[in-house]
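The values are calculated or read from the model by the stated rules, or taken from the named source; none is laboratory data. What you are looking at is a predicted structure, and each value in this text was computed from that prediction instead of being measured. Every residue, glycine among them, receives a Cβ derived from its backbone with ideal geometry; neighbour counts consider all protein chains shown. Surface accessibility is based on the protein's heavy atoms, side chains included, excluding ligands, DNA and RNA. Shrake-Rupley method; radii C 1.70, N 1.55, O 1.52, S 1.80 Å.
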Amino acid sequence: MSFDQDAPDLATANTMVVKDFQNYLEKMKTVRAPVPPGATKAIIEKVLNSSYLTNFHRNLTDRIVQVDFSLSGTIVQGTSVNCVGDTWRLKFTIDADVPPTGSKQKPHIGYEISLDGAKKQVGHKFCNSLSIGRPGLGVNLIKHDGEDSSMILPNGDTMEWAFVRWRVQ
C-alpha cells in the first residue's frame, strides 16, 4: 500500500500526514500490538493536539524542517498480549524535503513511523508550494528540544514522550 499522495497546499499536506499517523494508531488498536490500547488512545490524543505536528507547515517559516515525536512505555498490568515489564518504543517523524535539481522526487512533506526501531510506514505528500526542506546528506541540522513529559495510564502502565525539532541554518 502506498502512502504517497499529491496535496494542493502545505496545510493540506500536513493534515494528510497527521491523518496517516492517526489511521496507523487506530489500526494498531485492532491487532495484537506491543503498544496496548490504552496507550494507543493517549498517543492519538497527543498526535491530534500537538502543535509541533499539526502546525508543522507553519513552523517551516522558522526553518523547522523536521520534528521527531518519540514515545516509550512500560507494561505494569499484563494482558494476554503484553507481559508485565514489557516495553515498547514508537517514533513519528514529519519532515519537509525539497529534492535537488535533477531528482525524480517532488517537494513534499514526508513522514516515517517506527515501532521498536523498525520502520513500519513511510509516506510523502507532494506539494509544489514547498520552498524549504532538509538540506541533504552531510549537512547538519540544528537540534531544538521541545516538550517532553510522562504519564501513568489509567491501568497503571507508564508512558514517556519527547519532541525534538530540527532547524536548517
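With respect to the numbered conditions (1) touching a Lys or Arg at 6+ places or on another chain (Cβ under 9 Å); (2) within 22 Å of Ala7 (Cβ to Cβ); (3) free of Cβ contacts under 8 Å to residues at least 24 places away in the same chain, which one is the sole condition not fulfilled by Lys106?
That leaves (1) as the condition not met.
Looking only at the stretch 1-52, count how many residues are open to solvent by 20 Å² or more (accessible area, probe 1.4 Å), of a type in the set (A, V, I, L, M) and free of Cβ contacts under 8 Å to residues at least 40 places away in the same chain.
Residues in the stretch 1-52 being open to solvent by 20 Å² or more (accessible area, probe 1.4 Å), of a type in the set (A, V, I, L, M) and free of Cβ contacts under 8 Å to residues at least 40 places away in the same chain: 3 in total.
Might you let me know whether the stretch 56-64 holds any residue that is part of a helix (DSSP H, G or I) and touching an Asp or Glu at 6+ places or on another chain (Cβ under 8 Å)?
No, the stretch 56-64 has no match at all.
Considering each residue of the stretch 92-145, count those that are β-branched (Val, Ile, Thr), at pLDDT 90 or above and either out of contact with any helix residue (DSSP H, G or I) (no Cβ under 6 Å at 6 or more places or on another chain) or in a loop (DSSP other than H, G, I, E, B) (or both), and give that number.
Summing the residues that are β-branched (Val, Ile, Thr), at pLDDT 90 or above and either out of contact with any helix residue (DSSP H, G or I) (no Cβ under 6 Å at 6 or more places or on another chain) or in a loop (DSSP other than H, G, I, E, B) (or both) in the stretch 92-145 gives 5.
What's the number of the condition Arg89 fails, among (1) modelled with pLDDT of 95 or more; (2) open to solvent by less than 50 Å² (accessible area, probe 1.4 Å)?
Checking Arg89 against (1) modelled with pLDDT of 95 or more; (2) open to solvent by less than 50 Å² (accessible area, probe 1.4 Å), the one that fails is (2).
Look through Ser150, Ser114 and report the one residue that is among the polar types (S, T, N, Q), within 19 Å of the chain's Cα centre (by Cα) and within 19 Å of Asp20 (Cα to Cα).
Exactly one residue qualifies, and that residue is Ser114.
Check Asp68, Asp148 and return the single one that is open to solvent by 30 Å² or more (accessible area, probe 1.4 Å), in a strand (DSSP E or B), of a type outside the set (A, V, I, L, M) and within 26 Å of Asn14 (Cα to Cα).
That would be Asp148, the only listed residue that is open to solvent by 30 Å² or more (accessible area, probe 1.4 Å), in a strand (DSSP E or B), of a type outside the set (A, V, I, L, M) and within 26 Å of Asn14 (Cα to Cα).
Quickly run through the stretch 117-165 and pick out the residues that are more than 26 Å from Ala39 (Cβ to Cβ) and small (Gly, Ala, Ser).
Matches in the stretch 117-165: Ser129, Ser131, Gly133, Gly136, Gly138.
Take Lys104 and decide whether it is touching an Asp or Glu at 6+ places or on another chain (Cβ under 9 Å), open to solvent by 50 Å² or more (accessible area, probe 1.4 Å) and over 16 Å from Ile152 (Cβ atoms).
no
In the stretch 134-144, is there at least one residue being touching a residue at least 40 places away in the same chain (Cβ under 8 Å), open to solvent by 60 Å² or more (accessible area, probe 1.4 Å) and polar (S, T, N, Q)?
no
List the residue pairs whose Cβ atoms are under 7 Å apart, where the first residue sits in the stretch 83-101 and is on the phi > 0 side of the Ramachandran plot, the second is surrounded by 17 or more Cβ atoms within 10 Å (Cβ to Cβ) and part of a loop (DSSP other than H, G, I, E, B), and the two are 6 or more positions apart or on different chains.
That search, which allows pairs on different chains as well, returns Gly85/Ile75.
Out of Ile152, Ile113, I need the residue that is hydrophobic (A, V, I, L, M, F, W, C) and touching a Lys or Arg at 6+ places or on another chain (Cβ under 6 Å). Which one?
Going through Ile152, Ile113 in turn, just one is hydrophobic (A, V, I, L, M, F, W, C) and touching a Lys or Arg at 6+ places or on another chain (Cβ under 6 Å): Ile113.
Among the residues of the stretch 30-55 satisfying the criterion of being of a type in the set (Ser, Thr, Tyr) and in a loop (DSSP other than H, G, I, E, B), which is modelled with the lowest pLDDT?
Thr30
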